[in-house]
Each structure stands twice: as C-alpha cells, then as structure tokens.
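See structure below.
Every read-out reported here was derived from the displayed coordinates using simple, explicitly stated rules and does not represent laboratory data. Only a predicted model underlies this, so the values are computations on that prediction, with no experimental measurement involved. Note that each Cβ is placed from the backbone with ideal geometry, even for glycine, and that neighbours are counted across all protein chains shown.
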Amino acid sequence: MNTSLFHILSNVHYLDSTLDESDSYYFLQEYYIENYLHYKYSTPDIYSLDEFDIMCNNFCMFYGKVKDSSGNTFSSPISINRFRFMLHEDGSYSNYYTIKRKAGYVVEGMYWSNGMCYQLREDKLEDFAIYQKVLFVDGLTKNLYQFP
C-alpha cells in the first residue's frame with residue numbers, strides 16, 4: 001500500500017484507493033446530491049490551475065477535518081478515504097485496476113468530514129493531462145478560513 005504524509009491532489013495518483021471502483025463512482029454521485037450546499041471551486045471554469053492548486057493544497061494540508069470515534073473533530077493532512085474509477089464518455093464507469101481497461105478518463109480524489117477534492121485526468125501513468133479539478137468545502141470552513 002502506498003501512503004504519503006500529506007494527501008494532496010497533486011499526488012493522489014500515487015496513493016492507493018481505499019474505495020473500490022463501484023463504491024467510488026456511487027460515492028461521488030451521492031456526494032453531489034447530499035452536499036449541494038457546499039461551496040464548489042473548479043478549474044478551468046473559474047480558477048486557473050495555479051490558483052486552484054494553492055487553494056486546494058491549503059485545504060488538504062491544513063483545513064481538512066476528520067472525526068474520531070467520540071465525535072471530536074480535528075485537522076488532518078490524511079483524508080478519510082480515497083477513490084478512483086474510470087469514467088467513460090457515456091457516463092458509465094469501469095474498473096481502474098484491471099489488466100485491460102476500457103478507454104476513458106481517470107477520476108480520482110479524496111474526502112474529509114468538511115470537504116472533498118478530485119481531478120479528472122487522462123489515462124496515463126506519467127505526464128498526463130488534467131482536464132478538471134474540483135474542490136468542495138462546507139460553509140463553516142469557507143468562512144473560517146476565508147475561501148473566496
């Protein structure tokens with residue numbers, strides 16, 4: 001298992017997924033529905049990649065929160081879970097960890113109690129193009145840490 005001291009979007013492709021592809025796909029679908037009040041930041045629609053990376057890395061390293069078994073919340077540079085799956089042009093998904101993958105895009109990301117980030121990239125191990133990055137934060141985090 002590959003782990004890192006910091007779980008940031010820039011190195012998520014090096015980290016192992018903790019959810020399988022099916023759970024990853026449905027998690028992302030449900031996250032959009034259940035957290036519609038969270039603030040969404042994305043690139044290239046609103047922010048440049050450089051601006052977004054600074055904002056997203058700050059969230060991942062300093063502002064991401066996790067809850068312990070007694071319900072106390074604390075900051076953690078390590079996410080609760082990481083996800084990864086293949087997304088196809090027709091909106092369906094398939095397994096990433098397979099011998100022969102169907103052509104598509106890799107969706108990978110991670111989440112904390114107060115937010116989530118993910119990226120959509122081409123299916124290459126190195127020198128890949130990133131098509132979209134997205135960050136969700138809850139209202140308290142946005143106001144407390146002065147996100148735009």
### Task
Identify all residues within the stretch 19-71 that are more than 25 Å from Tyr93 (Cα to Cα) and among the small types (Gly, Ala, Ser); write none if there are none.
Ser48, Gly64, Ser69, Ser70, Gly71
### Query
Assuming Leu37 fulfils every condition listed in (1) among the hydrophobic types (A, V, I, L, M, F, W, C); (2) in contact with a Gly (Cβ under 8 Å, 6 or more places away or on another chain); (3) surrounded by fewer than 19 Cβ atoms within 10 Å (Cβ to Cβ); (4) within 20 Å of Arg121 (Cα to Cα) apart from one, which condition is it?
(4)
### Positions within the stretch 89-143 being exposed (fewer than 14 other Cβ atoms within 10 Å of the Cβ), touching a residue at least 60 places away in the same chain (Cβ under 8 Å) and not in a loop (DSSP other than H, G, I, E, B), in sequence order
Gly139
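How about the stretch 12-85: which strands (runs of 3 or more DSSP E) wholly inside it have at least 1 residues that are closer than 15 Å to Phe136 by Cβ and touching a helix residue (DSSP H, G or I) at 6+ places or on another chain (Cβ under 6 Å)?
On the way: elements: 39-43, 65-67, 73-75.
Result: 39-43.
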## Note on the structure
Within the stretch 46-61, residues exposed (fewer than 14 other Cβ atoms within 10 Å of the Cβ) and touching a residue at least 60 places away in the same chain (Cβ under 8 Å) come out as Leu49
### Query
Quick one: what pairs do we get from the stretch 21-36, first residue closer than 14 Å to Gly109 by Cα, second acidic (Asp, Glu) and outside any helix (DSSP H, G or I), C-beta under 9 Å, 6+ apart or different chains?
Ser24/Glu108
